[in-house]
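> Right, I'll just put the structure down here and ask away after.
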Amino acid sequence: MKRVALITVLLTQLALADGKGLTWDALAQAGIVKKGDRYVPEYPKDVAALDAKVVKLQGFMMPLEVGATQKRFLLSAQPSDCAYCVPSGPEGLVEVQAKAPVKYVNDPITVTGKFVLVRDDASGLFYRLVDATVSDK
């Protein structure tokens, strides 16, 4: 079942790569550099160009709180095999702040929202989608 879901995400990512959406491959190009005494994210130019723009991204929902619906959650490039395990590093996760509560599902979802590069977050996240809504692919 997870293999089918992952294939669905990969095919949708190909469709989103037409310039209207954001791909996990593009997000994965981010790195970490040392600036002074701190380590900070370094974003590729094509991803940095999307900062503060509305984008679409498909992935797997990772709830941050207990409940059937979530207003704030992580979107992951890959499904999680374990409720307490993070399936990737910060380049493979996007914090989603939804306009309205979103029902938790195991299947991939497509989220549309304002893309924000997170440059100095204590949690170590690189990306955020704000004012987000779940849409039909």
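> When ranked by the protection proxy of mean other Cβ atoms within 10 Å per residue, highest first, what sequence do the peptides 33-46, 55-68, 118-131, 86-99 form?
Descending mean neighbour count gives 86-99, 55-68, 118-131, 33-46.
> For the pair Asp25 and Val54, what calculated FRET efficiency results from E = 1/(1 + (r/R0)^6), where r is the Cβ-Cβ distance and R0 = 22 Å, to the nearest 0.05?
Once rounded, the FRET efficiency stands at 0.65.
> Let's test the formula: R0 of 35 Å, r as the Cβ-Cβ distance of Cys82 and Ile32. What FRET efficiency results, to the nearest 0.05?
0.90
> By how many nm would the segment from Lys99 to Thr112 lengthen if fully extended, with 0.36 nm per residue of separation less the alpha-carbon distance?
3.6 nm
> How far, in nm, would the chain grow between Asp121 and Ser135 when pulled straight, counting 0.36 nm per residue and subtracting the alpha carbon separation?
2.3 nm
Taken together, the values in this text are just the output of simple stated rules run on the coordinates, not laboratory data. Just so we're clear, the structure is a prediction, and the values are computed from it rather than from any experiment. So basically every Cβ, Gly included, is an ideal-geometry build from the backbone, and we count neighbours across all protein chains shown.
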